[in-house]
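The values are calculated or read from the model by the stated rules, or taken from the named source; none is laboratory data. For clarity, every value in this text was computed on a predicted model and none was experimentally measured. FYI the Cβ positions are ideal-geometry reconstructions off the backbone, even for glycines, and counts take in every protein chain you see. Ligands, DNA and RNA are excluded from the accessible area calculation, which covers all protein heavy atoms including side chains. Shrake-Rupley method; radii C 1.70, N 1.55, O 1.52, S 1.80 Å.
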Amino acid sequence: IVKSGTDIKKPEVVFEDLTTIQKDGIKYVKVSTDYTTSKLDEKIDKDSLLGYEVKYEKLTSDNKLRTGSEIVVDGDTKYIVIVNGDVNCDGKVDFINDIVLINNYRIGVTKDLSDIQILAGDINNSGSIEFIPDIVAMNNYRLGRIKAL
């Protein structure tokens, strides 16, 4: 029996307990700053993959997740990773490149942030960048007052 295209299942990625967002046809998954590819693998429902393996692309030079990393299954990008606080997409949260950048966006000084950057700065997933809790949380993380965002 030949199956039509509608009968053939394609692998999907289903996460347990992670925020996923779809915007303009692109799927995003938000992770904490302490996430690794191994920890992310633990959150994926393996049955949804139909036997395919997950590959990670666009990692940092030392193979860590960053905002903009891609989760690829069977050659198809399924999700783009958003690391909370990693606004400039370099894999870490720092004062100038992330906190000042997102605060300048919040007050209108910077207008040209991408959707992915705004999602990375929206720590509490409220849909907007707020001084409290988003920017304060990022600064507390940077100062070591909290362990992860």
_At a threshold of 8 angstrom on Cα-Cα distance, excluding pairs fewer than six apart, so keeping six or more, what relative contact order does the range 13-77 reach in percent?_
27
_Rolling a 1.4 angstrom probe over the protein chains, ignoring ligands and nucleic acids, what is the accessible area of Leu143 in square angstrom, nearest 10?_
90
*Name the residues whose placed amide hydrogens come within less than 5 Å of the amide hydrogen of Leu18, ignoring near sequence neighbours (fewer than 5 apart) on the same chain.*
none
*Can you list the HN-Hα couplings for the range 49-59, worked out from phi with the Karplus curve (6.51, -1.76, 1.60; θ = phi - 60°), rounded to whole Hz and with x for Gly and Pro?*
7, 6, x, 7, 9, 8, 10, 10, 10, 6, 7
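Compute the signed sum of charges (Lys and Arg +1, Asp and Glu -1) over the other residues within less than 15 Å, Cβ to Cβ, of Gly85. Walk me through the numbers on the way to the answer.
Numbers: positive: Lys30, Lys64, Arg66, Lys92, Arg106, Arg142, Arg145, Lys147; negative: Asp34, Asp86, Asp90, Asp94, Asp98, Asp122, Glu130, Asp134.
Overall, the nearby charge balance is 0.
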*With only Lys, Arg, Asp and Glu charged, each at its Cβ (+1 for the first two, -1 for the last two), find how big the charge dipole of the range 91-149 is about the Cα centre; round to the nearest 20 debye.*
240
*Sorted by accessible area (1.4 Å probe), largest first, how do Glu42, Glu12, Glu70 line up?*
Glu42, Glu12, Glu70
*Charge tally in the Cβ shell below 11 Å around Asn124, where Lys, Arg are +1 and Asp, Glu are -1, Asn124 excluded*: -2
*Treating the beta-carbon of each Lys and Arg as +1 and of each Asp and Glu as -1, no other charges, what is the dipole magnitude of the range 1-134 about its Cα centre, to the nearest 20 debye?*
220
*How much mean residue ellipticity at 222 nm does the chain get from its helices, if each DSSP H run of length 4 or more adds -39500 (n - 2.57) and you divide by all residues, to the nearest 500 deg cm²/dmol?*
-4500 deg cm²/dmol
*Option label - Cα extents along the principal axes in Å computed here, alternatives (i) 37, 32, 30; (ii) 38, 36, 35; (iii) 61, 28, 27*: (iii)
_Vicinal HN-Hα couplings computed from phi for the range 90-101 (Karplus, 6.51 cos²θ - 1.76 cosθ + 1.60; Hz; Gly/Pro x)_ = 9, x, 9, 10, 9, 5, 5, 6, 10, 5, 5, 4
*Can you pull the one-decimal nm distance between simple spin-label points at Glu57 and Asn140, each 7 Å off the Cα toward Cβ?*
3.7
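Would you kindly state how much longer the chain becomes between Glu42 and Lys92 on full extension, computed as 0.36 nm times their sequence separation minus their alpha carbon distance, in nm to one decimal? Don't skip to the end; give the middle numbers.
Numbers: separation 50, 0.36 × 50 = 18.00 nm, distance 2.18 nm.
Between Glu42 and Lys92, full extension yields an extra 15.8 nm.
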*Candidate aspartates and glutamates for bridging to Lys39, where Cα separation is under 13 Å - those fewer than 8 sequence places away on the same chain excluded*: Glu16, Asp17
*So what are the ³J(HN,Hα) numbers for the range 121-131, from phi and the Karplus equation (6.51, -1.76, 1.60; θ = phi - 60°), rounded to whole Hz, Gly and Pro as x?*
x, 8, 4, 8, 6, 7, x, 8, 8, 10, 4
*Have a look at Val72, Gly91, Ser114 and report the one farthest towards the positive end of the charge dipole of the range 72-149, computed about the Cα centre with Cβ charges (Lys/Arg +1, Asp/Glu -1).*
Gly91
*Relative contact order (percent, whole number), the chain, Cα cutoff 8 Å, 6+ residue spacing*: 19
